[in-house]
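Undergrad: If you scroll down you'll find the structure; I have some questions about it.
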Amino acid sequence: LKDAQKAVQASEAKYKNLVETASDAIYWINADGTIIDTNQTACDILQKKRNEIIGKKIVTVDPNYPLADFLEFWNSIPYGKQVIFETTHIKKDKSLIPVEVSGKKYKLNNKVFYYGIARDITERKQAENKLKQKMKELERFNTLMVGREIKMVDLKKEINELLVTLGKEPKYDTDFTE
């Protein structure tokens, strides 16, 4: 019996260490949307102490969804089905941080719980925004260049028409079909 207790304690210690040292925020939420536990990473990301998170409704962390919407969403998810979505969490200083949440609904002792693992995606969002800006610049440049080429083809056609009118051979090839 003592060996079994030691094994359980060792397993719990490993689990607690794994959760506490995870690089992502981890939340356990009960069926009414109350946060019942979290890890240190969540505290660090939100710049809050654990007691400022535990016991609060999830909407204090994720202001994007009213509690009714949060519960409706999670109640529509089958038990054990993983969901992944992007949202925003709010820090103590009221600044927003984009996160990707991976979560599941599960049942333990006939009680419903949700867990969410939230990853800070600030750098990814910044990179996406830079890429979008570069794409806009390239599209603008492409539009300008295509417009310039169309004008050049039109000018060449006009010159050719004038040359033909003057009885001369057309100078430019304006047929670009292949």
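The values are calculated or read from the model by the stated rules, or taken from the named source; none is laboratory data. Keep in mind that this is a model prediction, so the values were computed, not measured. Note that we place each Cβ from the backbone using ideal geometry, even for glycine, and neighbour counts take in every protein chain shown. Surface accessibility is based on the protein's heavy atoms, side chains included, excluding ligands, DNA and RNA. Shrake-Rupley method; radii C 1.70, N 1.55, O 1.52, S 1.80 Å.
Undergrad: Could you run through region 33-71 and say how many residues are in contact with a strand residue (DSSP E or B) (Cβ under 8 Å, 6 or more places away or on another chain) and not in a helix (DSSP H, G or I)?
TA: Looking only at that region, the number is 17.
Undergrad: With respect to the numbered conditions (1) without any contact (Cβ under 8 Å) to a residue 40 or more places away in the chain; (2) surrounded by fewer than 17 Cβ atoms within 10 Å (Cβ to Cβ); (3) not in a loop (DSSP other than H, G, I, E, B), which one is the sole condition not fulfilled by Pro98?
TA: (2)
Undergrad: Among the numbered criteria (1) at pLDDT 95 or above; (2) open to solvent by 80 Å² or more (accessible area, probe 1.4 Å), which single criterion is violated by Lys151?
TA: (1)
Undergrad: Follow-up question, since we're still on this one. Looking only at region 35-48, which residues are within 17 Å of Ile90 (Cβ to Cβ) and either surrounded by fewer than 16 Cβ atoms within 10 Å (Cβ to Cβ) or of a type in the set (A, V, I, L, M) (or both)? Give the derivation first.
TA: From region 35-48, those within 17 Å of Ile90 (Cβ to Cβ) are 35, 38, 41-48; that's our starting set.
Those that are within 17 Å of Ile90 (Cβ to Cβ) and either surrounded by fewer than 16 Cβ atoms within 10 Å (Cβ to Cβ) or of a type in the set (A, V, I, L, M) (or both): Ile35, Ala42, Asp44, Ile45, Leu46, Gln47.
Undergrad: Assess whether Lys92 counts as being open to solvent by 100 Å² or more (accessible area, probe 1.4 Å), closer than 22 Å to Thr34 by Cβ and either in contact with a strand residue (DSSP E or B) (Cβ under 8 Å, 6 or more places away or on another chain) or not in a strand (DSSP E or B) (or both). Quick ask: steps written out before the conclusion?
TA: Details: open to solvent by 100 Å² or more (accessible area, probe 1.4 Å): yes; closer than 22 Å to Thr34 by Cβ: yes; either in contact with a strand residue (DSSP E or B) (Cβ under 8 Å, 6 or more places away or on another chain) or not in a strand (DSSP E or B) (or both): yes.
In short, yes.
Undergrad: A further question follows. Any residue that is open to solvent by 90 Å² or more (accessible area, probe 1.4 Å) and either hydrophobic (A, V, I, L, M, F, W, C) or over 16 Å from Tyr114 (Cα atoms) (or both) - is there at least one of those in region 22-33? Working first, answer last.
TA: If we filter region 22-33 for residues that are open to solvent by 90 Å² or more (accessible area, probe 1.4 Å), which is where we start, we get 23.
Now narrow it down to the ones that are either hydrophobic (A, V, I, L, M, F, W, C) or over 16 Å from Tyr114 (Cα atoms) (or both): 23.
Yes, region 22-33 has at least one match.
Undergrad: Further, regarding this structure: Can you confirm whether region 148-157 contains a residue that is touching a residue at least 40 places away in the same chain (Cβ under 8 Å) and either under 30 Å from Gly33 (Cα atoms) or of a type outside the set (A, V, I, L, M, F, W, C) (or both)?
TA: So the first thing to find is which residues in region 148-157 are touching a residue at least 40 places away in the same chain (Cβ under 8 Å), and the list is none.
Among the residues of region 148-157, not one is touching a residue at least 40 places away in the same chain (Cβ under 8 Å) and either under 30 Å from Gly33 (Cα atoms) or of a type outside the set (A, V, I, L, M, F, W, C) (or both), which makes the answer no.
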